[in-house]
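Everything below concerns the one structure shown next.
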Amino acid sequence: MGTPGEGLGRCSHALIRGVPESLASGEGSGAGLPALDLAKAQREHGVLGGKLRQRLGLQLLELPPEESLPLGPLLGDTAVIQGDTALITRPWSPSRRPEVDGVRKALQDLGLRIVEMGDENATLDGTDVLFTGREFFVGLSKWTNHRGAEIVADTFRDFAVSTVPVSSSSHLRGLCGMGGPRTVVAGSSEAAQKAVRAMAVLTDHPYASLTLPDDAAADCLFLRPGLPGVPPFLLHRGGGDLPNSQEALQKLSDVTLVPVSCSELEKAGAGLSSLCLVLSTRPHS
């Protein structure tokens, strides 16, 4: 999404994956996760797809749900995309690694250059990677290690890549995100504020900052639609989710706020950045 000097570029496509029935059981969605209301989770997912397609004007590509991949809808963990390059990640959990196969095929069909992580010592979840339009920050977390961050740097050599320790059980994108081309939004927890302070020390670029009451609200998506004259959008938690943070987001100027709910999907560890991949490309004719 963008080339050097262009910041967060214009988006044309979004990729999502349907919610399987296997996500509804606590066993299917992973150890320690509560059972979900499947119908509600599927409604939330459908609304998200509708907003991406109708409100933001993106071409929506939806992969079918796979019962063998209960966490398949969290496909934001499976790839890091910048420009015409897609780095296929190596999720920390071995049970999630088959999720990358369908994503790889879809991105290949869109004509992206595919980069694989061949190092078996590397782990990387896409939601530990924050691209600001100028540089990458990679969260070192339970899911992402130093070798994974090194591969991000090797793949996207046109950009600075810095590592940020994540001191909570969250991914980096679960603590902070971009609320505009030069604005970082972050939750109010100590882990979120520690991550933002680390980013401020590491960067050569000035960013404004906005603190939100809820960490989960910082997992938002700043998107420039491909239509001329249309202002950028901020896709954020809404629909009754995190009302205090919704009010705080009103302070952001020059963006159109687009609220969506993922309170049910959140029970499976989903945030907005994990539920879709957004890219700027045109499929081959």
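Please verify whether segment 95-109 includes one or more residues that are assigned to a loop (DSSP other than H, G, I, E, B), crowded, with 19+ Cβ neighbours inside 10 Å, in contact (Cβ under 8 Å) with a residue 24 or more places away in the chain and not aromatic (Phe, Trp, Tyr). It would help to see each step written out before you state the result.
From segment 95-109, those assigned to a loop (DSSP other than H, G, I, E, B) are none; that's our starting set.
Within segment 95-109, none of the residues are assigned to a loop (DSSP other than H, G, I, E, B), crowded, with 19+ Cβ neighbours inside 10 Å, in contact (Cβ under 8 Å) with a residue 24 or more places away in the chain and not aromatic (Phe, Trp, Tyr).
State which residue is nearest to the chain's Cα centre (by Cα) when the search covers only segment 110-138 and only residues that are closer than 24 Å to PRO206 by Cβ and open to solvent by 20 Å² or more (accessible area, probe 1.4 Å).
Here the residue is PHE131.
Are any residues in segment 37-85 among the hydroxyl-bearing types (Ser, Thr, Tyr) and closer than 12 Å to VAL103 by Cα, and if so, which ones?
The one that is among the hydroxyl-bearing types (Ser, Thr, Tyr) and closer than 12 Å to VAL103 by Cα: THR78.
Listed residues SER141, SER168, SER162; which is open to solvent by less than 70 Å² (accessible area, probe 1.4 Å), modelled with pLDDT under 95 and in contact with a helix residue (DSSP H, G or I) (Cβ under 8 Å, 6 or more places away or on another chain)?
The unique qualifying residue is SER168.
Does segment 66-89 contain any residue that is assigned to a helix (DSSP H, G or I), surrounded by fewer than 17 Cβ atoms within 10 Å (Cβ to Cβ) and not β-branched (Val, Ile, Thr)? Show your work before the answer.
Pass one, segment 66-89, residues assigned to a helix (DSSP H, G or I): 75-77.
From the residues that got through so far, the ones that are surrounded by fewer than 17 Cβ atoms within 10 Å (Cβ to Cβ) too are none.
No: zero hits.
Quick one: how many residues across segment 205-241 are buried (at least 24 other Cβ atoms within 10 Å of the Cβ) and not in a strand (DSSP E or B)?
Qualifying residue count for the region: 4.
Since VAL196 meets every condition but one in (1) open to solvent by 10 Å² or more (accessible area, probe 1.4 Å); (2) among the aliphatic types (A, V, I, L, M); (3) within 25 Å of THR85 (Cβ to Cβ), which condition does it not meet?
For VAL196, the failing item is (3).
Of the conditions (1) out of contact with any Asp or Glu (no Cβ under 9 Å at 6 or more places or on another chain); (2) of a type in the set (A, V, I, L, M); (3) assigned to a helix (DSSP H, G or I), ILE151 satisfies every one except a single condition; which number is it?
Status for ILE151: all satisfied but (1).
Being closer than 29 Å to ALA191 by Cβ, touching a residue at least 12 places away in the same chain (Cβ under 8 Å) and over 18 Å from the mean Cα position of the chain (by Cα) is the requirement here; does ALA79 meet it?
Values: closer than 29 Å to ALA191 by Cβ: yes; touching a residue at least 12 places away in the same chain (Cβ under 8 Å): yes; over 18 Å from the mean Cα position of the chain (by Cα): no.
Against the criterion (closer than 29 Å to ALA191 by Cβ, touching a residue at least 12 places away in the same chain (Cβ under 8 Å) and over 18 Å from the mean Cα position of the chain (by Cα)), ALA79 does not qualify.
Just to check your reading of the model, which residue among GLY46, GLY57, GLY50, GLY30 is modelled with pLDDT under 85 and either surrounded by fewer than 21 Cβ atoms within 10 Å (Cβ to Cβ) or in contact with a Cys (Cβ under 7 Å, 6 or more places away or on another chain) (or both)?
GLY30
Exactly one condition in (1) more than 26 Å from GLY179 (Cβ to Cβ); (2) modelled with pLDDT of 95 or more is false for THR85; which is it?
(1)
Within segment 110-140, count every residue that is under 25 Å from PRO181 (Cα atoms) and either among the β-branched types (Val, Ile, Thr) or in a loop (DSSP other than H, G, I, E, B) (or both).
Number satisfying all stated conditions: 8.
Looking at this structure, is THR144 part of a loop (DSSP other than H, G, I, E, B), without any contact (Cβ under 8 Å) to a residue 60 or more places away in the chain, within 18 Å of the chain's Cα centre (by Cα) and within 25 Å of PHE222 (Cβ to Cβ)?
It is true that THR144 is part of a loop (DSSP other than H, G, I, E, B), without any contact (Cβ under 8 Å) to a residue 60 or more places away in the chain, within 18 Å of the chain's Cα centre (by Cα) and within 25 Å of PHE222 (Cβ to Cβ).
The values are calculated or read from the model by the stated rules, or taken from the named source; none is laboratory data. Fair warning: this is a prediction, and the values are worked out from it, not measured in the lab. Every residue, glycine among them, receives a Cβ derived from its backbone with ideal geometry; neighbour counts consider all protein chains shown. All accessible areas refer to the heavy atoms of the entire protein, side chains included, with ligands and DNA or RNA removed. Shrake-Rupley method; radii C 1.70, N 1.55, O 1.52, S 1.80 Å.
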